[in-house]
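> Just dropping this structure here.
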Amino acid sequence: MSDDCVAPSESAADLLRALRRLHAEGKVAIRVEAKRLNHLDSPVAVEADSNIWIYGFLAAAAAVWWRWGLGPAAAALAIGVVAYLTLGKAYIHRRIERRVKQQALEDLETWRKLWRFPGLTLAATGDATVPGCASPDGNWMGFVRALR
């Protein structure tokens with residue numbers, strides 16, 4: 001069943017509002033695999049999140065090179081790469097999770113675009129009889145209907 005197959009009494013917008021409410025009440029957990037959603041076409045990925053880290057460390061390495069030379073600049077760049085791969089990636093993942101919960105749950109068009117990417121899983125926290133639903137193949141509207 002696709003997103004477009006909606007019962008006449010409830011629209012996709014109604015179901016997204018219900019999902020937002022169920023999530024706020026703690027009845028639905030939204031698991032986000034930020035690594036899969038950090039894609040150029042993803043509506044919750046912002047390239048600037050990565051660029052700010054990369055440009056910052058390049059500028060720092062250039063300043064070190066200018067002041068102390070190539071060896072210390074290479075060390076500064078190596079430290080920057082390690083910091084990006086640990087702290088930077090964690091920062092980017094938190095930002096993507098925040099955008100999913102603050103932006104995508106607020107706008108049906110953004111939610112539909114986001115649901116086309118793998119990396120989202122809806123899980124009922126208090127009802128073991130309702131199976132989880134994962135993007136892009138899962139039917140999020142059917143999941144919300146089952147919980148209502």
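Derivation of every value follows stated rules applied to the coordinates shown; laboratory data play no part. Please read these numbers as outputs of a predicted model, since none were measured by experiment. Counting neighbours? That spans all protein chains shown, and the Cβs are built from the backbone with ideal geometry, glycine included.
> Using a simple charge model, +1 on the beta-carbon of Lys and Arg, -1 on the beta-carbon of Asp and Glu, nothing else, what dipole does the chain show about its Cα centre, in debye to the nearest 20?
My answer is approximately 440 debye.
> A further question follows. For 130, 100, 46, 82, which order do you get if you count the other beta carbons within 10 Å of each Cβ and list the fewest first?
82, 46, 130, 100
> Next question, about the same structure. If I build a Gaussian network model for the chain, linking alpha-carbon pairs within less than 10 angstrom, which residue out of 18, 34, 60 has the largest mean-square fluctuation?
60
> Taking only DSSP H segments of four or more residues, each worth -39500 (n - 2.57), what value at 222 nm results for the chain once the sum is divided by all its residues, to the nearest 500 deg cm²/dmol?
When only DSSP H runs of four or more count, the value is -17500 deg cm²/dmol.
> Ok, one more. Give me the net charge of residue 127's neighbourhood, meaning all other residues with Cβ under 14 Å from the Cβ of residue 127; Lys, Arg count +1, Asp, Glu -1.
Net local charge, residue 127 excluded: +2.
> Ok, one more. Could you check how many percent of all C-alpha pairs in segment 46-102 are farther apart than 14 Å?
Summing the P(r) tail past 14 Å for segment 46-102 gives 57 percent.
> Pick from 64, 44, 28 the residue whose mean-square fluctuation is largest in a GNM of the chain, springs joining Cα atoms under 10 Å.
Highest fluctuation of the listed residues: 64.
> Sequence gap at least 6, Cα distance under 8 Å: using those rules, report the relative contact order of segment 46-102 to the nearest whole percent.
Once normalised by length, the contact order is 35 percent.
> Return the distance in nm (one decimal) between the two label points of a simple spin-label model at residue 106 and residue 62, each offset 7 Å from Cα along Cα→Cβ.
3.5
> So how do 110, 86 line up by other beta-carbon neighbours within 10 Å, fewest first?
So the ranking, lowest neighbour count to highest, is 86, 110.
> Report the label-to-label distance for residue 50 and residue 82 in nanometres (one decimal), using points 7 Å from each Cα along the Cα→Cβ vector.
About 2.3 nm separates the two model spin labels.
> Checking understanding here: applying a Kyte-Doolittle mean of at least -1.0 and a length along the axis of at least 30 Å (C-alpha), which whole DSSP H helices in the chain pass?
Counting only whole DSSP H runs, the qualifying helices are 47-68.
> In nm, give the distance between the simple-model label positions of residue 139 and residue 39, each being 7 Å from the Cα along the Cα-to-Cβ direction.
Those two pseudo-labels are separated by 2.3 nm.
> Now a separate question. Here are some values of Rg/Rh (Cα atoms, Kirkwood Rh): (1) 1.03; (2) 0.96; (3) 1.17. Which one was computed from this structure?
For Rg/Rh (Cα atoms, Kirkwood Rh), the calculated option is (3).
> Using Cα springs under 10 Å in a Gaussian network model of the chain, which residue among 132, 119, 69 shows the largest mean-square fluctuation?
69
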